[in-house]
Amino acid sequence: MGFGFQGLVFDALYYGTLALAVWALGDALVRPAAGFVAAGKLTKPAWLGITALAALLIVALGPMSFLGLPAVIAAIVYLVDVRPAVRGLPRGNTGW
């Protein structure tokens, strides 16, 4: 936790990017594995690994570090590219 305005901005950036990465990881957990392949994306285990690593790097190094910034970008890529593609697919065999 920082002091003053600059510390407040850094804390907001840290917790905001951490929430983004955890959201991406949680979303990847609940999506069906077949949807990733059907959408032409990397497999579910690959995206789980990428988003988990992103969250860990943000916690360990912060979002503005050498590896933290690519971690933030990976979480954003999942949320803006992979998530809409996987979410738009029908969910399995419903019988109707």
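The values are calculated or read from the model by the stated rules, or taken from the named source; none is laboratory data. What you are looking at is a predicted structure, and each value in this text was computed from that prediction instead of being measured. Positions of Cβ are backbone-derived with ideal geometry, glycine not excepted, and every protein chain shown enters the neighbour counts.
At a glance:
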| quantity | calculated |
| --- | --- |
| Filter result for Leu42 (surrounded by fewer than 17 Cβ atoms within 10 Å (Cβ to Cβ), more than 15 Å from Tyr78 (Cα to Cα) and of a type in the set (A, V, I, L, M, F, W, C)) | no |
| Residue in the range 29-42 that is touching a Ser or Thr at 6+ places or on another chain (Cβ under 7 Å), assigned to a helix (DSSP H, G or I), touching a residue at least 40 places away in the same chain (Cβ under 8 Å) and within 28 Å of Gly7 (Cβ to Cβ) present | no |
| Qualifying residue in the range 43-57 (condition: part of a helix (DSSP H, G or I), touching a residue at least 24 places away in the same chain (Cβ under 8 Å) and of a type in the set (Val, Ile, Thr)) | yes |
| Some residue of the range 18-27 being in contact with a helix residue (DSSP H, G or I) (Cβ under 6 Å, 6 or more places away or on another chain) and at pLDDT below 95 | no |
| Some residue of the range 4-14 being assigned to a helix (DSSP H, G or I) and either touching a Pro at 6+ places or on another chain (Cβ under 8 Å) or within 22 Å of Val86 (Cα to Cα) (or both) | yes |
| Index of the failed condition, Trp96 passing every other in (1) modelled with pLDDT under 95; (2) aromatic (Phe, Trp, Tyr); (3) touching a helix residue (DSSP H, G or I) at 6+ places or on another chain (Cβ under 9 Å) | (3) |
| Which numbered condition Ala39 misses (of (1) farther than 19 Å from Pro84 by Cα; (2) at pLDDT below 95) | (1) |
| Subset of the range 1-25 (residues that are among the polar types (S, T, N, Q) and surrounded by 11 or more Cβ atoms within 10 Å (Cβ to Cβ)) | Thr17 |
| Condition check for Val77: in contact with a Lys or Arg (Cβ under 9 Å, 6 or more places away or on another chain), farther than 10 Å from Ala21 by Cβ and among the aliphatic types (A, V, I, L, M) | no |
| Members of the range 54-94 found to be loosely packed, with under 13 Cβ neighbours inside 10 Å, more than 17 Å from Leu13 (Cβ to Cβ) and among the small types (Gly, Ala, Ser), listed by number | Gly88, Gly92 |
